[in-house]
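Novice: The structure is given below, and queries will be raised subsequently.
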Amino acid sequence: MEKRTTKAYDAVVIGAGNGGLTAAIRILQGGFSCLVLEKHNLPGGFATSFRRGRFEFEASLHELNDFGSPAEPGEIRELFRSLGAEDKVEWLRIPEAYHLITTDKK
């Protein structure tokens, strides 16, 4: 019979998507131990792609708002900075993220 050992964790995070991974990093930064559980074969949640038949779907976020500049960071850049990941991201400013066409004369 196989011998099983158990290990206690301070926290268990269910899901390795953007939120789960962020929560796990925060827990570890606080000096606690953490176990992350994910049912999919890849971490990332909506930051991954998946295949259905011959088609591949990219469910990923393509753009984040409010990242600001290094001197005047927005909330997104501050989050990445506090996670120690700001320098691992190539920040590209998109001057016009969308174009709105409306029939409203105002």
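What follows draws every value from the coordinates through simple rules; no lab data is involved. Bear in mind that the values here come from a model prediction, so they are computed numbers and not experimental data. Heads up, the Cβs are rebuilt from the backbone with ideal geometry, glycines too, and the neighbour counts pull from every protein chain shown.
Novice: With unit charges on the beta carbons (Lys and Arg positive, Asp and Glu negative) and the dipole taken about the Cα centre of the chain, which residue among Pro70, Val89, Leu42 sits farthest to the positive side?
Specialist: Positive-most Cα among the choices belongs to Leu42.
Novice: Please identify, among Gly19, Gly44, Gly30, the residue showing maximal mean-square fluctuation in a Gaussian network model of the chain using a 10 angstrom Cα cutoff.
Specialist: Result for the chain, Cα springs under 10 Å: Gly30 fluctuates most.
Novice: Another question, then. Quick check for me: using +1 on Lys/Arg Cβ and -1 on Asp/Glu Cβ, what's the dipole size of the stretch 11-88 about its Cα centre, in debye to the nearest 20?
Specialist: With Lys and Arg at +1 and Asp and Glu at -1, about 460 debye.
Novice: Relative to the compact globular guide of 2.2 N^0.38 Å, what is the alpha carbon radius of gyration of the chain, as a ratio?
Specialist: In units of the 2.2 N^0.38 Å rule of thumb, it is 1.50.
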